[in-house]
1. Which residues, taken from region 504-527, are in a strand (DSSP E or B) and either in contact with a His (Cβ under 8 Å, 6 or more places away or on another chain) or of a type in the set (Phe, Trp, Tyr) (or both)?
2. When you scan region 297-306, how many residues do you find that are under 23 Å from the mean Cα position of the chain (by Cα), in a helix (DSSP H, G or I) and free of Cβ contacts under 8 Å to residues at least 24 places away in the same chain?
3. So which residues in region 350-375 are in a loop (DSSP other than H, G, I, E, B), without any contact (Cβ under 8 Å) to a residue 60 or more places away in the chain and open to solvent by less than 30 Å² (accessible area, probe 1.4 Å)?
4. Filter region 541-558 for residues that are modelled with pLDDT under 95 and touching an Asp or Glu at 6+ places or on another chain (Cβ under 7 Å); which is surrounded by the most Cβ atoms within 10 Å (Cβ to Cβ)?
5. Any residue at all in region 31-50 that is touching a residue at least 40 places away in the same chain (Cβ under 8 Å), of a type in the set (Val, Ile, Thr), open to solvent by 20 Å² or more (accessible area, probe 1.4 Å) and touching a helix residue (DSSP H, G or I) at 6+ places or on another chain (Cβ under 8 Å)?
6. Can you find even one residue in region 347-354 that is within 16 Å of the chain's Cα centre (by Cα) and modelled with pLDDT of 85 or more?
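The values are calculated or read from the model by the stated rules, or taken from the named source; none is laboratory data. Because the structure is a prediction, the values reported are computed rather than measured. Please note: Cβ atoms are built from the backbone with ideal geometry, for glycine as well, and neighbour counts cover all protein chains shown. In case anyone asks, the SASA skips ligands and DNA or RNA and just uses the protein heavy atoms, side chains included. Shrake-Rupley method; radii C 1.70, N 1.55, O 1.52, S 1.80 Å.
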Amino acid sequence: MDIKFPLGYDDFSRIREENFYYVDKTGFIRELLSKTFQANLITRPRRFGKTLTLSMLKDFFDISRDSRQHFEGLKISEETELCREWMNQWPTLFLTLKSVEGNDFGTAFERLKILVANLCKTVAFLENSQKADADDRILFKALKGQKADSANLTDSLLLLTRMMNAHYGKPVILLIDEYDVPLAKAGEHGYYTEMLDVIRAMIGTVLKTNPYLKFAVVTGCLRISKESIFTGTNHFVPDTIIDERFDEYIGFTEADMKLLLERTGFSEYAEHIRAWYDGYRFGNVDVYCPWDVLNYLNALQKNPNAKPRAYWANTSENSILKKFFRKAGRTTKAEIEKLIAGDSVRKKISVQLTYEELDKTIGNLWSVLYLTGYLTAKAAEEDGILELVIPNQEIREIFITQISEWFTEAVVGGQQEKWDSFCKALEQGDAQRAESLFTAFLKNGISVRDTAVADSKKENFYHGVLLGLMMCRDDWNVFSNHEDGDGYSDIHVEAGEDTAFVMEVKYAEKDALDAGCKKAMKQMEEKRYVEGLADLGFRTIYAYGVACYKKHCKIVCKTVICGEDESRL
């Protein structure tokens, strides 16, 4: 029987009630309570389980629930005294800020008002609680009806903790998820200062010397500087990917993976999964990305021959990589090539930044790539210097894809005349001219010198760059891996009513580019790509064989016109 994986679910109680597979992370509760602080900030990359962790805490602490059955058989249930004191004994608020975004401040602020109104509805009984202050009940009603002014909105969390404390006679546990998403979105769209003022007031007010607060757990992707958000917060304790306290509780450890693969019957895929989705290091623990692992195992249940792919890329915005590549100078480009080739770079890392300054220096961007999961630490040095590497094959694929996109944007945006000439050469079957121009593009960009993967993986970069260059032509129909003849061509282009071309891309050593082109041409002939285009009615057809090595390329062409065979190599 197939195992149900909680893909898209981050509600702990629902996962337990509906019998989804759950990797036991309840030891986090014991560790958290072993030494509690007023504010605990935990930062990890996206899709590693932060939201599910807070949902678990909400279910465990919430005084309005009876969640004993949800924790039966899990590690925390063995802590009988702890459970007696803490389980369902404390008023608890859980707020996630991941939906607070917009292209302008007004839109984002309205979404924040809706979010607070929905939070109020989860504790709607406070509106009529005679234990709560009468004036507070009036403000609560305004918040719930989205009629409160901006000052009351920024004080909303303080108001709710005060009212819940009055109603239950106990201080409140506050859980805030993705606290930095509004700031990240604001930084992208140009209203950072306005949003910073709101988030600083909203979070700072509820955390700073709040007598109604038991403690708070706050999660995010980056640690925003203490001065900008957490000013005046007593006993503020951050836990980043460098720290060891919670290192095994967010993400899948090797032990988690062993049990999961045994349970699913996919132990034979262990090395494959390790190469693609392992490689992260939090504190002293090697960690897999849960989102990727569960997606791939789910795919394997449907098709045992399923290939791993970059699931994480589909959920995370890669704008930070684009900023990184645009700011890269010659030295940084060389370092990127080293990383993709499997080597490491040594960089001084700051774990405390603000979203406003993230892309002001290339040094900050190195730190962001590390903190957001694009790079991981191989070894630590003194004075904050880390030896950084790309963690796994998935992230390497993302790097290559983003480099391809950046490369295309740089070429088309900055070398319009050359790009026009390149496209015209392809339309006319001029392989020599196309080769000269593509070589010039490569010399001005970033190459891929990846010796750690198969040649087919190296080909992906050049395939992606060529595809991107051609897709910028609005008057062409461009397809990747298109069914032609008896196979699938790398690139299929319909350049006009009567003209089309196919392209097969190969990776070859520098002294074997001619042989690489011949291999490409042979494949197109055996797979009858040209015949496939002819069947579609095209009169003039070009078959291009392309071989690449670092920043070198060779292009040959065979032209077919209405049954006539004219070779130009």
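1. Hits for region 504-527 are Val505, Tyr507.
2. Counting residues in region 297-306 that are under 23 Å from the mean Cα position of the chain (by Cα), in a helix (DSSP H, G or I) and free of Cβ contacts under 8 Å to residues at least 24 places away in the same chain gives 1.
3. Hits for region 350-375 are Tyr374, Leu375.
4. So, considering only residues that are modelled with pLDDT under 95 and touching an Asp or Glu at 6+ places or on another chain (Cβ under 7 Å), the one surrounded by the most Cβ atoms within 10 Å (Cβ to Cβ) is Cys553.
5. Among the residues of region 31-50, not one is touching a residue at least 40 places away in the same chain (Cβ under 8 Å), of a type in the set (Val, Ile, Thr), open to solvent by 20 Å² or more (accessible area, probe 1.4 Å) and touching a helix residue (DSSP H, G or I) at 6+ places or on another chain (Cβ under 8 Å), which makes the answer no.
6. No, the conditions are met nowhere in region 347-354.
Residues are listed down the side, and each one gets a yes or a no for (1) farther than 30 Å from Arg330 by Cα; (2) in contact with a helix residue (DSSP H, G or I) (Cβ under 8 Å, 6 or more places away or on another chain); (3) open to solvent by 60 Å² or more (accessible area, probe 1.4 Å):
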{"residue": "Gly464", "(1), (2), (3)": "no, yes, no"}
{"residue": "Tyr488", "(1), (2), (3)": "yes, no, yes"}
{"residue": "Gly496", "(1), (2), (3)": "yes, yes, no"}
{"residue": "Met521", "(1), (2), (3)": "yes, no, no"}
{"residue": "Met524", "(1), (2), (3)": "yes, yes, no"}
{"residue": "Arg539", "(1), (2), (3)": "yes, no, yes"}
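Condition check ((1) among the aromatic types (Phe, Trp, Tyr); (2) under 29 Å from Ile340 (Cβ atoms); (3) under 40 Å from the mean Cα position of the chain (by Cα)) across all residues:
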position: Leu467; (1), (2), (3): no, yes, yes
position: Val478; (1), (2), (3): no, yes, yes
position: Asn481; (1), (2), (3): no, yes, yes
position: Ala500; (1), (2), (3): no, no, yes
position: Lys510; (1), (2), (3): no, yes, yes
position: Ala520; (1), (2), (3): no, yes, yes
position: Lys551; (1), (2), (3): no, yes, yes
position: Lys554; (1), (2), (3): no, yes, yes
position: Thr559; (1), (2), (3): no, no, no
